[in-house]
Structures are given as structure tokens and as C-alpha cells.
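Everything on this sheet refers to the single structure shown next.
The values are calculated or read from the model by the stated rules, or taken from the named source; none is laboratory data. Computed from a predicted structure; not experimentally measured. Cβ placement follows ideal geometry from the backbone for every residue including glycine, while neighbour counts extend to all protein chains displayed. Just so you know, the surface numbers come from the protein's heavy atoms only, side chains and all, with ligands and any DNA or RNA stripped out. Shrake-Rupley method; radii C 1.70, N 1.55, O 1.52, S 1.80 Å.
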Amino acid sequence: MTRKGFLGVTGISAAVLAARKLRSVFAASGPAASPPVRWAMVIDTQKCLKKAGCIDCIAACHKVHNVPEIKDRAHEIKWVWKEPFKQAFPAQETAYTEEAYKGKPFPVLCNHCDNPPCVRVCPTKATWKREDGLVMMDWHRCIGCRYCMAACPYGSRSFNWVDPRPHLRRIDIEFPTRTKGVVEKCTFCAERLARGQAPACVQACKEQKALVFGNLADPDSDVSRLVRSRFTLRRKPGLGTNPEVYYIIG
Amino acid sequence: MRDRPLILGGLIVFLALVTFPVWYNAAAGTSSRPPQLKLPAGQKECVAPVAFMKTSHMQLLIDWREGAVRNNVRTFTAYNGKTYNVSLTNTCLDCHGVQARAGQADFCGRCHDYAGVTPKCWNCHNDRPRN
């Protein structure tokens with residue numbers, strides 16, 4: 001074989017190999033991406049307030065996730081809980097709201113923010129934002145530093161100061177408990193969404209229908225229709241966290 | 001010949017010292033025999049070939065964990081085509097029985113006690129009730 005011939009053959013082989021590689025790269029990005037998902041919740045507070053004293057959503061959530069009931073407020077753990085208007089919507093407070101909403105607590109939970117400050121500060125990526133918008137927790141990675149708790153302006157995160165197991169009246173074995181030294185919060189029921197079920201709180205409120213959950217990226221979903229047709233508030237919008245839990249007040 | 005008691009005595013001490021580990025283990029009730037694992041009744045196959053499970057079940061569990069929690073992959077297709085729900089308690093223990101209670105383990109705990117391994121998973125992951 002001549003030198004020229006040899007160089008020709010190597011050149012062509014290299015080109016063929018490169019072309020194959022390129023094709024596999026393009027093929028990998030080939031299949032159409034699944035439609036976008038942005039999980040969000042709309043809370044119709046009028047419907048919620050109609051059933052005074054109802055805690056069905058809290059009870060359901062705390063039962064399926066083994067959230068302990070600890071009386072000592074310094075140690076308490078909460079995923080869904082209630083706040084008076086003043087605490088839930090401090091920016092909307094007027095001289096009259098106190099009287100208007102006296103004894104009418106609003107359900108609050110993790111807002112699954114679009115711009116979550118807890119995620120920015122977590123040093124181990126134990127909390128991160130999924131592509132579908134869920135602010136997820138990985139309890140295996142949590143080192144209990146509590147930066148996320150300091151960063152969250154909604155108090156949505158709780159720290160296990162004590163072993164939660166002795167404080168559980170009943171353990172649902174399907175979902176792991178947590179242990180002393182980790183932070184926890186609502187995950188929009190990632191484990192139920194994966195099975196195609198609605199979050200436990202939404203399920204529990206299916207008669208009152210005060211909690212509506214769905215895909216905000218889908219213009220035909222119930223949540224999309226509600227946020228487009230009703231006036232809604234979000235908690236502490238001025239902080240730029242972009243909460244994805246919307247409240248219909250009036 | 002006069003040294004006979006000395007030699008015999010020395011031999012006895014020597015033998016006692018050499019065989020000490022055997023006596024010690026017998027007295028302490030431990031043994032070098034592998035643990036008697038209680039395999040799930042009526043089941044033939046694990047989620048992976050048994051040789052792989054023996055050596056790499058911890059790696060498989062980490063893969064399951066990362067898959068489920070971080071990548072939202074909650075079903076696992078096994079080598080034999082069966083699909084399993086990715087869950088430590090709801091899948092592994094559903095088949096392998098009670099593990100976490102001290103001294104009562106059927107399977108994982110029995111082997112781990114023998115091997116001197118103490119996974120911290122049971123601090124959070126629940127045990128099966130015995131029925």
C-alpha cells in the first residue's frame with residue numbers, strides 16, 4: 001500500500017467513526033420530550049373555612065407520612081398546618097383583617113417555590129427542585145445543618161430534635177419514618193404522584209374540594225383554569241420565591 | 001527422664017493456648033458456621049441472581065434508593081423480566097420477613113449480625129409486622 005493510499009483509508013475510517021458517533025449523539029436527543037409538568041396547588045379558602053375546625057388534610061398527610069405529634073412546640077414537626085391570616089399573608093394585612101379573619105386559620109404547606117431559597121443553601125443537594133417543579137427531599141443526604149430552615153421564609157421545614165418514633169401513635173410501614181437529626185417537609189406526595197395518585201391532603205378534601213392539585217403547564221387542568229379565572233394570592237410574593245401554592249381568598 | 005512432668009505440663013499449657021479460640025467460641029456460643037438464613041417460603045427467586053445478591057445487594061439497594069428518590073424511577077425490571085416496586089420495606093422485606101428487631105431477624109439481620117454489619121437503614125425504614 002502506498003503512503004497516500006494508507007492516509008486515504010485512515011482518513012475515511014476516521015470520518016465514518018465520527019459520523020456514527022454524531023448520529024448516536026443526535027439520536028439520544030431525538031425522541032420527543034414528554035409534555036412539560038409543573039405541579040401546583042390552588043386552595044379555595046372560602047370552601048376551606050366553611051367547614052370550621054376541619055383538619056382532615058393535616059390528619060391524612062401526617063398519617064401516611066408518619067409525622068409525629070409532639071406537644072412541645074420547640075420540637076414539633078409539621079408538613080401541613082394552619083396559620084392565622086396575619087401570619088399567612090402579612091403583606092395583605094390591614095387594620096380590619098384581624099377582625100375579619102378572627103378564628104379562621106388558613107392551611108399552609110411547602111410552597112414548592114419556583115425559586116426555592118432552601119435549595120440554594122443546601123450544601124449536600126439533599127433538597128432540590130425537580131423538573132416538574134417539586135421541591136424534593138432526599139433524607140439519605142440530609143446532614144441536619146438546618147440552613148434550609150433558615151432560608152425558608154414560610155417555616156415549612158421542621159427539624160427532628162428527638163427520635164420521632166416514640167411520638168408516633170401508629171406507624172404506617174409503607175412510608176419510612178425519619179430519625180433524629182434530619183429536616184423534613186411536604187414533598188407534594190412524590191411517592192403518591194409516582195403511582196398516579198393525588199396528594200393525600202387533596203384526597204382527604206375531596207368532598208369539600210378546597211384543595212385542588214394539578215399541572216399548571218397544562219392549560220386545561222383544573223389548577224390552570226382556576227388561576228386564570230379567579231383572583232389568587234400567594235404567600236409573601238415580595239420575596240421573589242415564586243410560590244406555587246395559590247390561595248383564592250374571596 | 002526427670003524432665004517428664006515439666007515437658008508434659010508444658011505440652012498441656014501449649015495445647016490449651018493453641019486451642020484457646022475453639023474453647024472460647026464454644027463457651028461464648030458463637031460458631032464459625034454460616035448463619036441459618038430463613039428463606040421466604042414459597043418463593044424461588046430473588047430480584048437478581050442469588051450470587052449477585054450475596055455480593056452486591058447493598059449496591060443494588062443504593063441504586064434503588066437513588067433511582068426512586070432522586071430520579072423518580074419506582075419500578076424495577078428484574079433479570080427474569082418480572083417487575084418490582086422499588087422499595088426496601090414494601091418489596092425486600094415483604095418477601096424476606098422481619099429484620100429490624102434485635103435478635104429476631106429472619107434474614108438480613110441474621111447475616112448482618114454474623115458479618116458484624118449494622119446498616120442504619122432501620123432507623124427510618126420500617127420493619128414488617130410478624131404474622
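Miscellaneous remarks
- Verdict on B:Leu17 being assigned to a helix (DSSP H, G or I), out of contact with any helix residue (DSSP H, G or I) (no Cβ under 8 Å at 6 or more places or on another chain), exposed (fewer than 10 other Cβ atoms within 10 Å of the Cβ) and not small (Gly, Ala, Ser): yes
- Subset of the stretch A:176-208 [assigned to a loop (DSSP other than H, G, I, E, B) and open to solvent by 30 Å² or more (accessible area, probe 1.4 Å)]: A:Pro176, A:Thr179, A:Lys180, A:Ala194, A:Arg195, A:Gly196, A:Gln197, A:Ala198, A:Lys206, A:Glu207, A:Gln208
- Among the conditions (1) touching a residue at least 40 places away in the same chain (Cβ under 8 Å); (2) open to solvent by 10 Å² or more (accessible area, probe 1.4 Å), A:Ala88 misses just one, which is (2).
- Screening the candidates A:Leu211, A:Leu239 for the property of being in contact (Cβ under 8 Å) with a residue 40 or more places away in the chain and open to solvent by less than 50 Å² (accessible area, probe 1.4 Å) yields one hit, A:Leu211.
- For the stretch A:92-120, the set of residues classified as more than 26 Å from A:Arg38 (Cα to Cα) and not in a loop (DSSP other than H, G, I, E, B) consists of A:Gln92, A:Thr97, A:Glu98, A:Glu99, A:Ala100, listed by residue number.
- Within the stretch B:106-131, tally of residues that are among the basic types (Lys, Arg), more than 14 Å from chain A (Cβ to nearest Cβ) and assigned to a loop (DSSP other than H, G, I, E, B): 0
- Residue count for the stretch A:167-180, restricted to those that are free of Cβ contacts under 8 Å to residues at least 40 places away in the same chain and out of contact with any Phe, Trp or Tyr (no Cβ under 8 Å at 6 or more places or on another chain): 2
- Checked against (1) in a helix (DSSP H, G or I); (2) within 14 Å of chain A (Cβ to nearest Cβ); (3) in contact (Cβ under 8 Å) with a residue 12 or more places away in the chain; (4) out of contact with any helix residue (DSSP H, G or I) (no Cβ under 9 Å at 6 or more places or on another chain), B:Thr91 passes all but a single condition, namely (4).
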